[in-house]
Every structure is written in structure tokens, then in C-alpha cells.
Amino acid sequence: MDRILVIGANGSVGRHVVAGLAERGYAVRALVRDGASAALPPGVEVVRGDLAAPESLVAALSGGVASVYLMWPAIPVQPRVVELIAEHAEHVVYLSTDVADLADDEQPVVHHQEVERLIRKSGLRWTFVRAIDFAGNTLHWADQVRQGVVRWPYGAARRSLIHERDIADVAVAALTEKGHDGAKYVITGPESIAQADLARIIGEETGTEVRWEELEPETARAQLTEAWGNPAFVDARLRAWESFTREPERVTDTVREVLGRPARSFRSWARDHAEDFR
């Protein structure tokens, strides 16, 4: 059986992609930056490589790799990576985000657009899994949850966060089933929930009473810029959250359409990660 290469196999989604493929009996090769830190299922071949050094992927792609799951972290895009995938494999499933298609002469706003354009022009068969936002991003609140108060802007912003296992399940389906070539799947959780209620749900599932304290946007801008180091990204996030107080983040039924079941709820995600907040 042809191998499937999982790039980013130690990530929050990638490890579930590996597990899902292994459970289905596929030969899986897992690309990780540090082989010593890989905690993957028995029988999975682990190889080292780094997207920042494209030629380090040659060994991982050689020897019968038919399909690739690609996750690109927040590092500069290396076009050679996509070229190498196209030289060795036939199909790629790329974990993207909810972005507009980029024309050949347009400048990318986020790196996902640039990677998508490279893939579309590569000759590969492809599927884009455009996850709106991860439920796992609320882990940023973990220290505050332990203290019983989440201080964050725009508590009324309604979010449609998705469980990382649903992202992985959609990716596994695209890697192993027919009918997904050329698809651009925008996937979300099953409902939009106010951020203040997200914090409350986390508290209920961890057995901690959690109170929401509204943080002024300018205070949040200063704190998040210091923490994240990217003023443009912080501004974009604040604008998006403000908009979700007026119009909730959209909800799609794509998970059900692809998998034949509804997306997991945010409460189920909080229950799965309760120990991370304790």
C-alpha cells in the first residue's frame, strides 16, 4: 500500500490525522522536527524534517508516498516544499483557514493564500481544509481559568470554534476517500457561542467557577501585541472579534456533509481538555 506522509505529525491536528490513518490500516510516515519528541501510534514510521529547510523533506517523500497531509506553521513560505511534494506525490490535503482565493497577480494577506496558490499551480490533486478557528485556541485562557477570571475583549463575540479531532477526521476522509479532489471545505463547530459563554462552559467542565471580565480593546491590543509580537495580526483579530458581536462567526454544515455526522460541540472539546485547564 502506498504511504501517506503527514507533515506536522506532532501538532494538535496532525497527531489525530496519524491516528485516524493508522486505525484505517494505512501505511503512515510522520514528519516531525524532533524525532525524540514524537509520541505516535506503533507501526508509524517517524522521519525528521523541517519545512524551513525544504531539501530535508526529500527522504520523507521518497519511497512510495502517494498522498501528503500538509500543515504550514507561522514561518515563511518555501515554494520548494510544494515543488518537492509535486515531484514525489500525487495528492495533497492542506490544512488552511477561511481565506478568499488568490489570483495570480494578488499579494497574499496571510500565508495560507500563498500556499494554496502554489498548490493549485503545482499539478497535484488537492483538497483544502479551511478551518475557521480552533477550539484549542482557548487554551490561551488556561492560566486565567485556574484563577477563576477570564479577562479578554469582546465577550459578546459569537464564535464557531471547531474541535481539532473534527478537522483531522475531515482531512483523513479527504486523504483516503474518493470525491474530494478540488474541494475547499470551510469547516466550523456546530454553533456560534459568545466568548463569555465559552469561558463559562470551560469552567463547568473543569469544575471551576469562571467569571468573565471585559477587557478594553486598547488594553487588549497592547497586551496581545506584547505576547504575540505581530501588531497587524492583533489588529485583525480585534476587528474580527468586534464584528462577531454584531454578526456571529458563520457556521457551516460541512463536517456533516463530509463525515455523515454533526461536528463535535465546544462543550465536548472542553470536556476532552478539562485537565489542560486544571
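Structure values in brief
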{"read-out": "Unmet requirement for Leu84, which otherwise passes all of (1) open to solvent by less than 40 Å² (accessible area, probe 1.4 Å); (2) more than 21 Å from Ala173 (Cα to Cα); (3) modelled with pLDDT under 95", "value": "(3)"}
{"read-out": "Residues that are surrounded by 13 or more Cβ atoms within 10 Å (Cβ to Cβ), in a loop (DSSP other than H, G, I, E, B) and at pLDDT 90 or above, drawn from segment 25-61", "value": "Tyr26, Ala27, Val44, Gly49, Leu51"}
{"read-out": "Selection count, segment 252-264, where residues are out of contact with any helix residue (DSSP H, G or I) (no Cβ under 9 Å at 6 or more places or on another chain) and buried (at least 16 other Cβ atoms within 10 Å of the Cβ)", "value": "1"}
{"read-out": "Qualifying residue in segment 87-95 (condition: among the hydroxyl-bearing types (Ser, Thr, Tyr) and in contact with a His (Cβ under 9 Å, 6 or more places away or on another chain))", "value": "yes"}
{"read-out": "Single residue of segment 1-24 satisfying the filter (under 17 Å from the mean Cα position of the chain (by Cα), β-branched (Val, Ile, Thr) and not in a helix (DSSP H, G or I)) that is surrounded by the most Cβ atoms within 10 Å (Cβ to Cβ)", "value": "Val6"}
{"read-out": "Exclusive hit being more than 19 Å from the chain's Cα centre (by Cα), within 17 Å of Leu124 (Cβ to Cβ) and touching a residue at least 60 places away in the same chain (Cβ under 8 Å), set Ala86, Ala66", "value": "Ala66"}
{"read-out": "For Gln223: the one exception among (1) open to solvent by 50 Å² or more (accessible area, probe 1.4 Å); (2) in contact (Cβ under 8 Å) with a residue 12 or more places away in the chain; (3) closer than 17 Å to Thr138 by Cα; (4) not aliphatic (A, V, I, L, M)", "value": "(2)"}
{"read-out": "In segment 42-76, the residues that are of a type in the set (Ser, Thr, Tyr) and touching a helix residue (DSSP H, G or I) at 6+ places or on another chain (Cβ under 9 Å)", "value": "Ser62, Ser67, Tyr69"}
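The values are calculated or read from the model by the stated rules, or taken from the named source; none is laboratory data. Here the structure is a predicted model, which is why all the values come from computation and not from measurement. Don't worry about glycine lacking a Cβ; one is built from the backbone with ideal geometry, like all the others, and counts go over all protein chains shown. Surface accessibility is based on the protein's heavy atoms, side chains included, excluding ligands, DNA and RNA. Shrake-Rupley method; radii C 1.70, N 1.55, O 1.52, S 1.80 Å.
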